[in-house]
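Just below is one structure, and these are the notes that go with it.
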Amino acid sequence: MTGWVDTHVHWDAAEFDIDRDAALSRAFTAGVRNAFNPSVCVSGIDKVQALCRDSLAHPDWPRIWPAYGVHPLYVQQAAENDLASLETALKSACPIAIGEIGLDGYPGAPDLEQQRGWFEDQLVLAIEYALPVIMHVRYAVEDVIRMLKRVQGRHRKLAGGIAHAYNGSAEQAEQLIRLGFLLGFGGSLTYEGSTRIRRLATELPVECLVLETDAPDMSPSWLRQQRNESAALPRIAEMLAQLRGISVETLRVQIGANVLRQFPAIAGKPCNGAVAHPD
């Protein structure tokens, strides 16, 4: 795989409406060749799909790959028929994953029981459609692990995925790795005060890591309090390579191999409305 993969970016976010085309070109110029764009709500799936199609027509953009799901911070806004609408999207298009789904334990987040209901329902869909999941785990890693084990105990094994913006312990990381998940790191590791994140990103097996920006959010240190962009990813990678004491090229090749191992669809599966259902 050539270039970098931004495994978590929201190109559909309103923050990019003013200069999305230029920001995508900047990402490509910086060396980003693929980007995973998870939805946060069912009503946003159409915009994500349109961006993925548009990326095929722009050779100076990264290839955008879609994931469909209901974000834990959006479950209160979800309609009763959104789960059925999500499944319809899975049948009619070709996401590389279900996401962004998961749990958020931050104060002020929606009721955790409501979050758990949506998370479990979407995990079951991921099993049915044999898709990886892109997970939100903020202040909820232990709860996420319990739910993963419970759902897999009742159903078939999940196809793994990514624990986005990983913020748990080394022990929890080992459990997620055993469950088939890669761990996502981004702008947080660029801050000198992020000692725990830096230690995890340095000491965990490099075969289990992926890089992300979560743009427009989670800006690195040089964009503090500014909008984040995928173009920042190579510089984040440089800092991670320095922390680990390896070359940037060694890191790029390994991260690319990790992504392909977990998401083999990006090696050739078109994002053009092909049916993703395993039937």
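Hey, which of the helices (runs of 4 or more DSSP H) in the stretch 166-254, taking only ones fully inside, have at least 3 residues that are within 30 Å of Lys149 (Cβ to Cβ)? Can you show your working first?
Values: elements: 170-178, 195-203, 233-244.
Passing ranges, in order: 170-178, 195-203.
Which members of the stretch 1-19 meet the condition of being in contact (Cβ under 8 Å) with a residue 24 or more places away in the chain and not aromatic (Phe, Trp, Tyr)? Break it down stepwise before answering.
Initially, the stretch 1-19 is screened for residues in contact (Cβ under 8 Å) with a residue 24 or more places away in the chain, giving 1-13, 15-16.
Passing the criteria: Met1, Thr2, Gly3, Val5, Asp6, Thr7, His8, Val9, His10, Asp12, Ala13, Glu15.
Against the condition hydrophobic (A, V, I, L, M, F, W, C) and within 25 Å of Arg261 (Cβ to Cβ), how does Phe36 come out, does it pass?
Details: hydrophobic (A, V, I, L, M, F, W, C): yes; within 25 Å of Arg261 (Cβ to Cβ): yes.
So Phe36 fits the description; yes.
If I filter the stretch 136-154 for residues that are closer than 21 Å to His10 by Cα, without any contact (Cβ under 8 Å) to a residue 60 or more places away in the chain and under 16 Å from the mean Cα position of the chain (by Cα), do I get at least one hit?
So far as the stretch 136-154 goes, yes, one or more of its residues are closer than 21 Å to His10 by Cα, without any contact (Cβ under 8 Å) to a residue 60 or more places away in the chain and under 16 Å from the mean Cα position of the chain (by Cα).
Filter the stretch 4-30 down to residues that are of a type outside the set (D, E, K, R) and surrounded by fewer than 17 Cβ atoms within 10 Å (Cβ to Cβ) and give me whichever is farthest from Gln115 (Cα to Cα).
In the first step, residues of the stretch 4-30 are kept if they are of a type outside the set (D, E, K, R); the result is 4-5, 7-11, 13-14, 16, 18, 22-25, 27-30.
Of the ones still in play, those that are also surrounded by fewer than 17 Cβ atoms within 10 Å (Cβ to Cβ) are 14, 18, 22, 25, 29.
Values: Ala14: 24, Ile18: 32, Ala22: 36, Ser25: 36, Thr29: 38 Å.
So, considering only residues that are of a type outside the set (D, E, K, R) and surrounded by fewer than 17 Cβ atoms within 10 Å (Cβ to Cβ), the one farthest from Gln115 (Cα to Cα) is Thr29.
Can you tell me how many residues in the stretch 219-236 are surrounded by fewer than 20 Cβ atoms within 10 Å (Cβ to Cβ) and aliphatic (A, V, I, L, M)?
Restricting attention to the stretch 219-236, the residues satisfying the condition of being surrounded by fewer than 20 Cβ atoms within 10 Å (Cβ to Cβ) are 221-227, 234-235.
Within this subset, residues satisfying the condition of being aliphatic (A, V, I, L, M) are 223.
Here the count works out to 1.
Read through the list (1) among the basic types (Lys, Arg); (2) closer than 25 Å to Leu112 by Cβ; (3) modelled with pLDDT of 95 or more, then give the number of the only condition that Arg198 fails.
Unmet for Arg198, out of (1) among the basic types (Lys, Arg); (2) closer than 25 Å to Leu112 by Cβ; (3) modelled with pLDDT of 95 or more: (2).
Among Leu240, Leu179, Leu204, Leu211, which is within 29 Å of Leu123 (Cβ to Cβ) and crowded, with 22+ Cβ neighbours inside 10 Å? Give the derivation first.
Values: Leu240 fails: within 29 Å of Leu123 (Cβ to Cβ); Leu179 fails: crowded, with 22+ Cβ neighbours inside 10 Å; Leu204 fails: crowded, with 22+ Cβ neighbours inside 10 Å.
That would be Leu211, the only listed residue that is within 29 Å of Leu123 (Cβ to Cβ) and crowded, with 22+ Cβ neighbours inside 10 Å.
Only one of Pro264, Pro216 is of a type outside the set (A, V, I, L, M, F, W, C) and farther than 27 Å from Gln152 by Cβ. Can you tell me which? Talk me through it step by step, then tell me what you get.
Values: Pro264 fails: farther than 27 Å from Gln152 by Cβ.
Matching residue, one of Pro264, Pro216: Pro216.
Note down all Cβ pairs under 8 Å where the first residue falls in the stretch 24-40 and is within 16 Å of Ala50 (Cβ to Cβ), the second is of a type in the set (Ser, Thr, Tyr) and surrounded by fewer than 21 Cβ atoms within 10 Å (Cβ to Cβ), and they're at least six residues apart or on different chains.
Filtered contacts from the stretch 24-40: Val40/Tyr74.
On the given criteria, is Arg146 more than 26 Å from Thr213 (Cβ to Cβ), modelled with pLDDT of 95 or more and surrounded by fewer than 19 Cβ atoms within 10 Å (Cβ to Cβ)?
Judged against the criteria, Arg146 is a match.
Mind counting the residues in the stretch 151-165 that are on the phi > 0 side of the Ramachandran plot and in a loop (DSSP other than H, G, I, E, B)? Spell out the reasoning first.
Applying the first criterion (on the phi > 0 side of the Ramachandran plot) to the stretch 151-165 yields 160-161, 165.
Right, trim to in a loop (DSSP other than H, G, I, E, B) and you get 160, 165.
Number satisfying all stated conditions: 2.
Per-residue answers, yes or no, for (1) surrounded by fewer than 19 Cβ atoms within 10 Å (Cβ to Cβ); (2) on the phi > 0 side of the Ramachandran plot:
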site	(1), (2)
Gln76	yes, no
Glu80	yes, no
Ser85	yes, no
Ala89	no, no
Ala93	no, no
Leu103	no, no
Trp118	no, no
Gln122	no, no
Ala130	yes, yes
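So, in the stretch 84-102, how many residues would count as being in a helix (DSSP H, G or I), touching a residue at least 40 places away in the same chain (Cβ under 8 Å) and of a type outside the set (S, T, N, Q)? Steps first, please.
To start, the set of residues in the stretch 84-102 that are in a helix (DSSP H, G or I) comprises 84-92.
Then keep just the ones that are touching a residue at least 40 places away in the same chain (Cβ under 8 Å); that gives 85-86, 89-92.
Okay, now just the ones that are also of a type outside the set (S, T, N, Q), so 86, 89-91.
Qualifying residue count for the region: 4.
The values are calculated or read from the model by the stated rules, or taken from the named source; none is laboratory data. Remember, predicted model here, so these are calculated numbers, not experimental data. Here Cβ is always computed from backbone atoms with ideal geometry, including for glycine, and neighbour counts include all displayed protein chains.
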